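Read-outs: derived from the displayed coordinates by stated rules, not from any lab. Worth saying up front: this structure is predicted, and the values here are computed from it rather than measured. FYI the Cβ positions are ideal-geometry reconstructions off the backbone, even for glycines, and counts take in every protein chain you see.
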Amino acid sequence: MSDAKRKAYFRLFSEVHKQLQALPSSPAPDAKCIKLNTNENPFALPTAVRESAAAALERQHLYPEDDNVSLREAAAASYNLSTDQVIAGNGSSELLSLIYRAFLDPGDSVAMLPLALHTITSSRCCKVLDC
């Protein structure tokens, strides 16, 4: 990719990112679009989830499983996988860090997507929905 093309590409991401950052984090109740990139769910919790969370409070004083075996077993059973094929962590940053450490050596080259890629997708979706 030429330098000029690369600069134009990143200018596009930068402009979209600025536009999205200018949007309020909570849209008006009558808005046609819901801003999902803030990790907020516009729907109420299902009753089963609420009940499960309340039951979990009874065990909140105990340390959780250090290997997430119960979660991994449930996910494996749901997707017909072995428990060894499922990894669980504290968010995508931790999981990516574990993957990097497992598969990369010092000095390896890595291709990275721009941080603003998800904002491009969100922007296109809004344009389709006329937001």
Within 12 Å, Cβ to Cβ, of VAL86, how many net charges do the neighbouring residues add up to if Lys/Arg are +1 and Asp/Glu are -1? -2
Order 102-111, 66-75, 52-61 from most to least packed using the mean count of other Cβ atoms within 10 Å. 66-75, 52-61, 102-111
